[in-house]
Structures are given as structure tokens and as C-alpha cells.
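To keep things clear, I will list the structure first and then write my remarks on it.
The values are calculated or read from the model by the stated rules, or taken from the named source; none is laboratory data. This one's a predicted model, so the numbers in the text were calculated from it and none came from an experiment. Positions of Cβ are generated from backbone atoms using ideal geometry, with glycine treated the same way; all protein chains shown enter the neighbour counts. Protein only, heavy atoms only, side chains kept; ligands, DNA and RNA dropped before computing areas. Shrake-Rupley method; radii C 1.70, N 1.55, O 1.52, S 1.80 Å.
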Amino acid sequence: MAKTYTLAIIGCGKVAHLHAKAIGNLPNAKLAAVWSRTRSSAEKFAAAYNAKPYSDIGQMIRENGIDFAIICNPHPYHKDVAVEAARAGANILIEKPLASSLEDCDAIIAACRQSGVQLGVISQRRWYAPVQRVYQAIRDGKIGTPALGTVNMLGWRDQKYYNSDPWRGTWDMEGGGVLVNQSPHQLDILLWLMGEVDEVYGVWRNLNHPYIEVDDTALAIIKFKNGGIGNIIVSNSQKPGIYCKVQIHGSNGASVGVQTDGGAMFIAGASSVLEPPVNDLWTIPGEEHLLQEWIREDSAEFERIDATIYYFGLQIKEFLQALDEGRPPFVTGEDGRRVVELFSAIYRSTRENAPVRFPITN
């Protein structure tokens, strides 16, 4: 008989509700407890999902035999709660980004290793069917070797968004802007498909958000260790939200790509996913005709599911499978650290006006 895992949610903000609903759809998972720094928030959230409220993480994990905690509090506060949960013995799946600094990433990873627990980072867009097709095409050698990878993410965030939490838009708290908060999904996919980074040259600017300290736009040129190159353009300064694209061009001249987001940028708990993720580029010889067929299939699937929770559910399900099999999850803590290393290098490159070699130090 398959094990039923006892789960907890740490942090009761907007995205936590999506995780709670996703857990509710899984037959081998039970949400037993929730934690918030504010007792009233924990109580309200717990009442909505038939769980127990806590303001002490260690007590919550021990009293309920928590196997697995999903960390949903704002990323500036990830380190302390993740370390506490790991030391109490819970496996951890943590919302993106893993942290805003490499120092915090390393503290979380070290605590999980020392406690012998698994660590994963939310990157649910890896489970999109069009993203999986791109990955499989590369793995099957259909584009030769990945030679050029590009990320283009053009979207918008208004002043109301930045005013919604006191930590947003500041270096001390958020740790950055569009690179830290809106780009990690696409950066993760780029790194997953292209491999390890050798060198980055980056530039960031604040084009039209004078009420925040951090970047609303950033660009980077990447040299990968496999000899490939890459380009990143990400922005919160384009009205309205437009799209997010990841495209990979191969050494044999064939290209594959995915539009992961379209219509407007998703805000957890405040907006829905407006357009289906679709393959937007596919020039593998003999497969070009499949593009329109896939767009129809993926659009029909999008209408059938609730995309705001469905892909969280797939990632949580895979994490539980990893625990069953005694292996690391599909998206590891080290994967999350690579994203933080990449945006940290772009910030450093702007400060120093020079390329940054990898690995970088804190």
C-alpha cells in the first residue's frame, strides 16, 4: 500500500492557497498543518483547509509527523524557516526563488544535507507539455547540440503591485527586481536546456518605475560551458503584460521554442493564467507540421484544467515520488541555486561593468 504523506505549508500568503488546493487533489498527500508568523493568519488559513495552525515550525513538524513542508512565505524570509524546518526533519519544497542571495541558498542547502532531507524548488513550468517537448527534442539530439538559447520576457508591474508588500522593490528586502521575482521560471528553463554557465555580461536598468529601487529591465549575454551562447531580455516595463518565450537554436540549424506565458503576467492570488503555454517555434526537419497540431492540443488541455493549480500538483506529485524512491526531486536545491547565481552575476556585472566568470563567490 502506497504511503500517504503528511504535509505542512509554511507561509499563508496568496500562493499558499494554490498549493493547498493542489495538495487536496493528490490521493497520497494530506495537508495537516500550516504556519504563519501571524497567529491569526495561520488560524484563518488552517480553517479553510481543515488543518492545524501553528506559529512554531519545529513544534508543528514534530507534533504532526510532517514528512514534507512547502515553503510559501516571501523569498526574503526563506532561509530562516527552511533551515528550521530541515533541522526538525521535514523534506522541503520551496517557492522560487530559492533565496535572493547565494549565502542564503548555501545555508538552506547545507541544512538539508546535514539533516538528510530532500530539497526542491518550485519550477512548475518545467511540467508544461510544450516545455517537455523542447527538452525531449534536445535530449534526442534533434537540433544537434544547443548552440543559442534566448529568453524574452516582456511584462508589466504597476505601483499597486509594488505597494502590496513592504519588501517589494527594495535591495535590502527583495534583493532585486524583475530578475529576482518575475524571471526565475524562465531562467531555470534556460539553464536546464543549455547547461552550466561559464561567463555572463549583464546590464540592468529602471526604465519607468521611479518608486522602486531595483531593476524593472535587465539584459545579459551568456557563454555556456558547452560552447553555446545565450541572450536574456526581461522587463516589467512594457504595458500591458505581453509574453514570455524561451527558444533554443541548435548546431544543425533547427530551432525549438515555447511561449510559457502570454496575455498578461500571472500574479498568484490576483490573476489567472490567461493564455495556454504553447510551442511557438519548431523547425526540426520533418516535424514542422506538428506545431499547429500541438497548439490545438495544448489549447484544448488548457481549457480542461485549472492552470493555476494543476502544474503545482504535478510538481508536488513528482516530489512525493522522489521520496518514495529515495532520490532527489526533479528540480533540486542546486537547480534553484543556479538561478540565483545567474541573476547575482548579472547584478555584479552591472556594478563592475565587466563580464563575470563562474562559479561566483558571495
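Percent of Cα pairs in segment 1-151 per distance bin of 5 Å, from zero to the largest separation: 2, 9, 17, 19, 17, 12, 9, 6, 4, 2, 1, 0.
Taking all Cα pairs closer than 8 Å and separated by 6 or more residues, the relative contact order of segment 15-171 comes to 13 percent. Candidate values [x] 58, 56, 42; [y] 57, 48, 39; [z] 78, 46, 34 were compared with Cα extents along the principal axes in Å computed on the shown model; the agreeing label is [y].
Taking the C-alpha atoms only, the angle from helix 290-304 to the longest principal axis of the chain is near 20 degrees.
Between Gln136 and Glu275, the distance separating the two model label sites (each 7 Å from Cα on the Cα→Cβ line) works out to 2.4 nm. Within a straight-line Cα-Cα reach of under 19 Å, Lys160 can be paired with the following lysines, leaving aside sequence neighbours fewer than 8 residues apart in one chain: Lys14, Lys239. Enumerate the lysines that Lys142 could reach by cross-link, defined here as Cα to Cα under 23 Å, with residues fewer than 8 away along the same chain left out. By straight Cα distance, Lys142 reaches Lys223, Lys225, Lys245.
Computed from Cα atoms, the angle from the helix 78-87 axis to the main principal axis of the chain rounds to 50 degrees. Scalar couplings 3J(HN,Hα) for segment 4-19, obtained by applying the Karplus form with A = 6.51, B = -1.76, C = 1.60 to θ = phi - 60°, are 9, 8, 9, 10, 10, 10, 10, x, 10, x, 4, 5, 4, 5, 5, 5 Hz; x denotes Gly and Pro. In this calculation the C-beta distance from Arg205 to Glu63 is compared with R0 = 41 Å, giving a FRET efficiency of 0.25. Solvent-accessible area of the chain (1.4 angstrom probe, protein heavy atoms only): carbon and sulfur portion equals 50 percent. Relative contact order for segment 169-321: 14 percent, from Cα pairs under 8 Å spaced at least 6 residues apart, divided by residue count. Solvent-accessible area per residue in the chain equals 42 Å², computed with a 1.4 angstrom probe and all protein chains kept. By DSSP, the beta bridges lying fully in the chain are antiparallel in about 55 percent of cases. The long axis of helix 129-139 is offset from the longest Cα principal axis of the chain by roughly 60 degrees. So if I take the centroid of the Cα atoms in segment 300-330 and the same for segment 55-127, what is the distance between those two points in Å? Each part reduced to its Cα centre gives a spacing of 18 Å. Cα-based values for segment 186-229, radius of gyration first and Dmax second, are 13.4, 41 Å. Normalised by the number of residues in the chain, the mean separation of alpha-carbon contacts (under 8 Å, six or more apart) gives a relative contact order of 19 percent. Within segment 1-70, the trypsin sites (Lys or Arg not before Pro) that combine a DSSP coil assignment with at most 11 other C-beta atoms in a 10 angstrom radius are Lys3. Here is how the number arises for the chain: DSSP H runs of 4 or more residues each give -39500 (n - 2.57), the sum is divided by the residue count, and the result at 222 nm is -11500 deg cm²/dmol.
Less than 16 Å from a label point 7 Å out along the Cα-to-Cβ axis of Arg348: which backbone N atoms in segment 190-210 qualify, by residue? Those under the cut-off are 197-204.
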